[in-house]
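Everything on this sheet refers to the single structure shown next.
The values are calculated or read from the model by the stated rules, or taken from the named source; none is laboratory data. Not measured: the values here are computed from a predicted model. Don't worry about glycine lacking a Cβ; one is built from the backbone with ideal geometry, like all the others, and counts go over all protein chains shown. Accessible surface areas use protein heavy atoms only, side chains included; no ligands, DNA or RNA. Shrake-Rupley method; radii C 1.70, N 1.55, O 1.52, S 1.80 Å.
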Amino acid sequence: MDETSRHLRLLTETIAAVNSSLDLQEVLELVASKVADALGTDACFVYLYDEVAGELVLRATHGSRVEEMTRTPRMRPGEGITGAAAAERAPVMIAAQAHLDPRFKLFVNLPEDEYESILAVPILAREKLEGALNVRTREPRTFTEAEIELLVAIASQVAQTIEHAKLYAAAQRRVVELEALARISEAVSESLYLEESLEAIVQTTMQSLHATGAALVLEDGKIAWPEGRPGTYAVRLPLRWKGRRIGELVCDRDTPFTDDDRALLEAIAHHAAVALEHGRALMRGVLAQEIHHRVKNNLQSVASLLRLQARAENVDPRRALQESVNRILAIAAVHEVLTEHREDDVDLGELVDRLRAMLVQSLGPAKDVGSDLAHVSLGGQQATALALVFTELFQNALEHGGERVSIALARRDGEVVLTISDDGGGIRGSGDGTGLSIVRALVRDELRGALRLEDDGGLRAEVAFPV
């Protein structure tokens, strides 16, 4: 009766201890220590059954330690003495020289051969295999029927605790997954900028997976948003949109990825694909709207220029038509530069050089044209106005100047200065022709600047305006 009471007390204490936590790893470690204490053994090894792999995996030990945990001991039911207990769903006891038993399986990083006796029992929850455990002693020992029954009873109760801990761990993982996906959805829905959405996805991936690094790689190989550093293990998941691969999610860390980790990464990859495609669609819509706006404004400018040209008297129709064509081509050149670089600003040096080549080719005859063009960025609307101004002034220099024409573009005292000089006869007549009227209006109204004309051994036109 005394032994029965002691075993009942040990069973109660052991179960109370392992039920004190829902953390699976903590539960397994408590099982190892409490079982060893309850039976007075030198060591206890607890294996958990991995249903996917069909293997018993060592998860906790007491009285011994596992060297080089990167090679975690694992066995299939039926392998080794503990595997035999799991396969037979019954206890296996060997009193001495257990390492000589033909069923013994040696693990190089698990010093089980230093123990003499072993008692192994399965961990069953309603006949479902949850794992197995064994107790070991360094001295030979024959475990009594009462001790075997105690260990079986403990294992039976532990099985329920393991099941609960697994459910709790699964629930915790699900919470982490939902929180991660909620953060991604919130970031994607709130941000109007694709880069911000991609940054949020990568950072959430790192936080949720405890990753060392993560990145989104687009289909052209460009890394959209890299974060962190490479790890020992890496997972690459495709981003798919309507069956088409549009990129890849890469995640690195120093520990292996579980099936649950991969499932979460797949969900994140799906969100990333949606964010990427919707962000692109939004950008295409914004870009199209901006292009429509620019085209409308420029067509209105063309219409105004044509009306102004139509009011002029005593004008050669062919000449007037050619001037209008050049003005429209100047506006087209601004669009071309904006489209090529996909930016909102234009490099004035590049724009002026294109217009120079176009006008020299269309007007001729060939003249000595020199240029000194600085790199100056300007918004699309101001760039269009400057293109028209340059076209009028340079066209005038080519037609009425002498043999040499010089162009200069520079920054000076916070202003942009465009200068066109020639060695011709200077201003002819009043200087109030259609071309100069257009130039004055554009410089005053669009560029908010000033036009200066100097007639000294040729014509020097200077346009200065703030950026």
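Summary table
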| item | result |
| --- | --- |
| Inter-residue pairs, beta-carbon under 7 Å, first closer than 17 Å to E199 by Cα and in region 244-265, second among the polar types (S, T, N, Q), 6+ apart | C251/T205; D252/T212 |
| Conditions (1) open to solvent by 30 Å² or more (accessible area, probe 1.4 Å); (2) without any contact (Cβ under 8 Å) to a residue 40 or more places away in the chain: number failed by G63 | (2) |
| In region 232-285, the residues that are in a strand (DSSP E or B) and either open to solvent by 80 Å² or more (accessible area, probe 1.4 Å) or modelled with pLDDT under 80 (or both) | Y233, R236, R240, R244, R245 |
| Extreme residue, nearest to N134 (Cα to Cα), among residues of region 14-29 that are touching a helix residue (DSSP H, G or I) at 6+ places or on another chain (Cβ under 6 Å) and open to solvent by 40 Å² or more (accessible area, probe 1.4 Å) | N19 |
| Candidates A43, A53, A17, A36, filtered to the one that is at pLDDT 90 or above and of a type in the set (A, V, I, L, M, F, W, C) | A43 |
| Filter pass, P77 being in contact (Cβ under 8 Å) with a residue 40 or more places away in the chain, assigned to a loop (DSSP other than H, G, I, E, B) and more than 19 Å from A43 (Cα to Cα) | yes |
| Every pair of residues 6+ apart whose Cβ atoms lie under 8 Å, when the first sits in region 357-382 and is open to solvent by less than 60 Å² (accessible area, probe 1.4 Å) while the second is modelled with pLDDT of 85 or more and polar (S, T, N, Q) | V369/S406; G370/S406 |
| Total residues in region 357-411, condition among the β-branched types (V, I, T), within 21 Å of D345 (Cα to Cα) and assigned to a helix (DSSP H, G or I) | 3 |
| Filtered residues of region 119-144 (kept if of a type in the set (D, E, K, R) and open to solvent by less than 20 Å² (accessible area, probe 1.4 Å)) | E130, R136 |
| Selected residue (only one of A155, A146, A120 is within 20 Å of L39 (Cα to Cα), touching a His at 6+ places or on another chain (Cβ under 9 Å) and modelled with pLDDT of 85 or more) | A146 |
| Long-range neighbours under 6 Å by Cβ, at least six apart or interchain, first residue closer than 18 Å to V439 by Cα and at pLDDT 80 or above within region 396-408, second open to solvent by 50 Å² or more (accessible area, probe 1.4 Å) and acidic (D, E) | A408/D372 |
| Condition check for S197: of a type in the set (S, T, N, Q), at pLDDT below 80 and either surrounded by 15 or more Cβ atoms within 10 Å (Cβ to Cβ) or under 30 Å from E127 (Cα atoms) (or both) | yes |
